[in-house]
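Just so it is clear, none of the values below were taken in a lab; they were calculated from the coordinates. A quick note: this is a predicted structure, and the numbers were derived from the prediction, not measured. Here the Cβ positions follow ideal geometry from the backbone for every residue, glycine too, while neighbour counts run over all protein chains shown.
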């Protein structure tokens, strides 16, 4: 299932119940974190239009129980992720059994941990 989240990103829910959240723009951990729209107050940001294009995004994994999946570094957010990082993560999450809830950090390799 695909779902737009405001004007700053989207969610993809996989068949196993896990959701991958991708967010860009003002205040998110991506290349345009400090874009010109960051000068606009939070209340007016949604009226400023969609976030500009970016080479990286903030990504989080939401488990079927609604909790964010903790990463190896203890954080729930993957910062400054490229499209390749996103595709790699999506494939890894898609391979998780539908009944498995990850209560310990998911060990991710390579640039996903940065």
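Here the residues 10, 86, ranked from fewest to most Cβ neighbours within 10 Å of their Cβ, fall in the order 10, 86. Each of 73, 85, 31 has some number of other Cβ atoms within 10 Å of its Cβ, and from fewest to most they run 73, 31, 85.
Arrange 29, 34 by Cβ neighbour counts within 10 Å, fewest through most, would you?
On the way: 29 17, 34 11.
By the 10 Å Cβ count, ascending, the order reads 34, 29.
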